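The values are calculated or read from the model by the stated rules, or taken from the named source; none is laboratory data. Note that the structure is a prediction, hence the values are computed from the model and not measured. Cβ atoms come from the backbone with ideal geometry, glycine included; neighbour counts cover every protein chain shown.
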Amino acid sequence: MKTISEKTMAETNLQKNGGSRKSGKKKKSRKLLWIIGGVVIAGVIAAAILSGKKEKMVTVQTEKVGRRNITQIVTATGKIQSETQVDISAEVSGEIISLPFKEGDEVKKNDLLVKIKQEAYSPALQEQNAAIRVAESNLEINKVALERNQLELSRIKELSAKGLATQSELDNAQNAVNQVLAQINSNEAVINQQRTGLSRIRYDLSKTTIYSPMNGTVTQLNNETGEKVLGTISNQGSVIMTISDLSKMECQVEVGETDVTLVNLGDTAKIEIDAFPDKVFTGYVYEIANTATSKGTGTQEEVVNFIVKIRIIDSATELRPGMSCTVDIVVDRRDNVFAVPIQSVTVREDEKKDELKGEEENENLTRESANRLSKKIKPKEIVFLIDNGAAKKSDVKTGISDDAYIEITEGVSEGQEVVKGSFKAINKELEEGSKVKVDNEPKKKLKEEDDE
């Protein structure tokens, strides 16, 4: 029989063996978990690497290259004006005592338009007439003195010939005649001067009445009866009214310096006037300014424009000077030419330019010459064509354009599929050989891509 102490020792050994077996199982479980975790992480890394190596698919919209009629238009804004208008200004200062016509009235050539008070000129007129009479009286007195002195000179000459008069007496007589002749010449000059002054006063007096120089309509009236106006002789003068010929109207529009070179005399135009939203007028260019008008000179917002005048062909009796208008000038037209959407054409740097940058360190190519050559290489215009599910870059030469399409003179053929969207794809994402997915369903186009 085992004693109590032997039983206790046996139980203790049994517990120790059982604990060792449990501990071994836990270590195996942990090791298995580490292995599984490592496999999972490796799989994730491998998947990431594979997905990174997979080429990105770019979604694009396309259109077939076809033939179209392209009309190039220059758009400008401005005001309606009459072709012929005259500002009526006072040439003399004074008070207006008569204005027979009001704004909007029709006038005929030589109709009295303005009458200025004449009383201010009456004293000057009387004074000048009096001065002329005084000068003429002095002239008559000197003529009488001349006759007397000439008779005296003749008598002295006879006495001198007989030896009865001295040379001194003869000289004095001659001097007296010459002196009177000089006074007569002076009197005649004064009379001419006074008569010129009288003509000036009469001219000013005639300008107190102003007559219409043309048939037309009073389109602006700036003064009323009783007001005083300034003359234009010594200052800018007062514009009393404006007479316009409303039977011939024009548009005066401002065209930017980059567009004015496209505009030529005779180009047709469509005219939209804000006051007549349901009517389109027609016209043609008949005058292009040679000198620019600038706004914001000397600032970053400086704008340089040229005034272009467009004669309105349609009946323009309802038009009024100052109305706002928008003009579309047809500057060029090409029929049956290859055309693509205008957004399909983008600009990319020439690869030769990058090569030159790498050659700047070459001892045979100085930095200065490399920069000079680099400037000569301009960015190229390209389009992306679809070829077997991939983008193919094609250099193109462009012509004129309208709002939606641009003419292609070189680089595409009829029927080729050209990428027209999105903006982000054409300008950023697409490269030579990029894999593409064509999606021409309007509902699937992403506006966000274009906004980017």
Residue match in the range 262-271 (condition: closer than 29 Å to Ile88 by Cα, outside the structural domain of Ile400 (by TED's automatic domain parsing), basic (Lys, Arg) and in contact (Cβ under 8 Å) with a residue 40 or more places away in the chain): no
Residue ID - nearest to the chain's Cα centre (by Cα), chosen from residues in the range 95-141 that are of a type outside the set (Val, Ile, Thr) and part of a strand (DSSP E or B): Glu106
Residue in the range 231-253 that is touching a strand residue (DSSP E or B) at 6+ places or on another chain (Cβ under 6 Å), at pLDDT 90 or above, surrounded by 18 or more Cβ atoms within 10 Å (Cβ to Cβ) and within 30 Å of Glu127 (Cβ to Cβ) present: yes
Scan of the range 146-158 for residues that are among the aliphatic types (A, V, I, L, M) and exposed (fewer than 15 other Cβ atoms within 10 Å of the Cβ), ordered by number: Leu151
Filter result (touching a residue at least 40 places away in the same chain (Cβ under 8 Å), surrounded by fewer than 18 Cβ atoms within 10 Å (Cβ to Cβ) and under 15 Å from Gly216 (Cβ atoms)) within the range 88-110: Lys102, Glu103, Gly104, Asp105, Glu106, Lys108, Lys109, Asn110
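Against the condition in contact with a Leu (Cβ under 7 Å, 6 or more places away or on another chain), of a type outside the set (A, V, I, L, M, F, W, C) and more than 30 Å from Leu113 (Cβ to Cβ), how does Lys162 come out, does it pass? Break it down into steps so the answer makes sense when it comes.
Working: in contact with a Leu (Cβ under 7 Å, 6 or more places away or on another chain): no; of a type outside the set (A, V, I, L, M, F, W, C): yes; more than 30 Å from Leu113 (Cβ to Cβ): yes.
When the stated conditions are applied, Lys162 does not pass them.
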Residue that is modelled with the highest pLDDT [pool: residues in the range 300-340 that are of a type in the set (Gly, Ala, Ser) and surrounded by 19 or more Cβ atoms within 10 Å (Cβ to Cβ)]: Ala339
Residues of the range 258-281 satisfying the condition of being outside any loop (DSSP other than H, G, I, E, B) and over 17 Å from Gln81 (Cβ atoms): Val260, Thr261, Leu262, Thr268, Lys270, Pro277, Asp278, Lys279, Val280
Matching option when the condition is assigned by TED's automatic domain parsing to the domain that holds Ala145 and without any contact (Cβ under 8 Å) to a residue 24 or more places away in the chain, among Asn187, Asn222, Asn172: Asn172
Some residue of the range 114-121 being within 18 Å of Arg200 (Cβ to Cβ), out of contact with any Asp or Glu (no Cβ under 9 Å at 6 or more places or on another chain) and surrounded by 15 or more Cβ atoms within 10 Å (Cβ to Cβ): yes
Residue match in the range 254-268 (condition: of a type outside the set (D, E, K, R), out of contact with any His (no Cβ under 9 Å at 6 or more places or on another chain) and within 30 Å of Gly104 (Cα to Cα)): no
